[in-house]
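Inspection log for the structure reproduced underneath, given as structure tokens.
The values are calculated or read from the model by the stated rules, or taken from the named source; none is laboratory data. Predicted, not measured: the structure shown is a model, and the values here were computed from it. Because the Cβ atoms are built from the backbone with ideal geometry, glycine has one as well, and the counts that use them run over all protein chains shown. Just the protein is used for accessible areas: all its heavy atoms, side chains included, with ligands, DNA and RNA removed. Shrake-Rupley method; radii C 1.70, N 1.55, O 1.52, S 1.80 Å.
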Amino acid sequence: DVKVTQSSRYLVKRTGEKVFLECVQDMDHENMFWYRQDPGLGLRLIYFSYDVKMKEKGDIPEGYSVSREKKERFSLILESASTNQTSMYLCASSLQDSNQPQHFGDGTRLSIL
Amino acid sequence: KQEVTQIPAALSVPEGENLVLNCSFTDSAIYNLQWFRQDPGKGLTSLLLIQSSQREQTSGRLNASLDKSSGRSTLYIAASQPGDSATYLCAVYSGGGADGLTFGKGTHLIIQP
């Protein structure tokens, strides 16, 4: 079974802090994704990566950056956290084939105070 | 821009009933459509993926259909059980510049014992 592991289930940070959310997958997937999920807005794509050191902006990249130094790990970085970044963050991975499903981690619920 | 709509937003039915969840999308140029289940506070579990060339997929009591030309998909759940209570999300993969999934806002399903 595919396992996508997000390092924290719950995280509380303060405005202005630099925040790192980590995601690791164990199935040698080429593609990795970061989404955020908000009530009434659903899931929205922040960034994705289709290879090591490659990244592409999704629908809402403002205020975020990402890092993919190794194939299995994809990090989401909030450069200077703000209260409007309080959300549920979900990481996913998939094989390169566009007809393969995306597999999700359990999510990180991030609160910015 | 692709938009995905799920109807109804919420549904409550007695145990044992068969039920249908609906999903529609605005741009029929999709690679595939994926149905997910999300339990409260958790990540997403992939249920079924239908490729654009397929009409339906089945897994146990679940059957998903796809009518790409009309921009519609249905998820049929047979003989519903209380353990089926969850939020069901429909997502389409359209490829292109932003290679993530476009999600609907989900149907919150409650199966009454």
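The figures follow:
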item	result
Average Cα contact separation per residue, chain B, under 8 Å, 6 or more apart, as relative contact order %	37 percent
Quarter of Cα convex hull surface for the protein assembly as shown, i.e. mean projection, nm²	11.9 nm²
DSSP bridge pairs, chain A: antiparallel proportion in percent, nearest 5	90 percent
In nm, spacing of pseudo-spin labels at A:SER111 and B:SER28 (7 Å Cα→C-beta vector)	4.8 nm
Cα point-scatterer Debye curve for region A:1-100, base-10 log of I(q)/I(0) at q = 0.09, 0.12, 0.13, 0.15 Å⁻¹	-0.20, -0.37, -0.43, -0.57
Residue-normalised accessible area of chain A, expressed per residue, 1.4 Å probe, Å²	49 Å²
Candidate aspartates and glutamates for bridging to B:LYS68, where Cα separation is under 13 Å - those fewer than 8 sequence places away on the same chain excluded	B:ASP27, B:GLU56
q = 0.22 Å⁻¹, chain B: log10 I(q)/I(0) [Debye, one scatterer per Cα]	-1.22
Sequence-separation-based contact order of chain A, relative, with Cα cut under 8 Å and 6+ spacing, percent	36 percent
Residue-normalised accessible area of chain B, expressed per residue, 1.4 Å probe, Å²	46 Å²
Cβ-based charge dipole, chain A, positive-most Cα from A:PHE33, A:GLY63, A:ILE46	A:GLY63
Residue pairs, from the table A:LYS18/A:LYS57; A:LYS13/B:LYS1; A:LYS3/B:LYS105, whose Cα atoms sit over 28 Å apart	A:LYS13/B:LYS1
B versus A: buried accessible surface, summed, Å² (probe 1.4 Å, to nearest 100)	1700 Å²
Separation in nanometres of the label points that stand 7 Å from Cα toward Cβ, at A:GLU79 and B:ASN63	5.2 nm
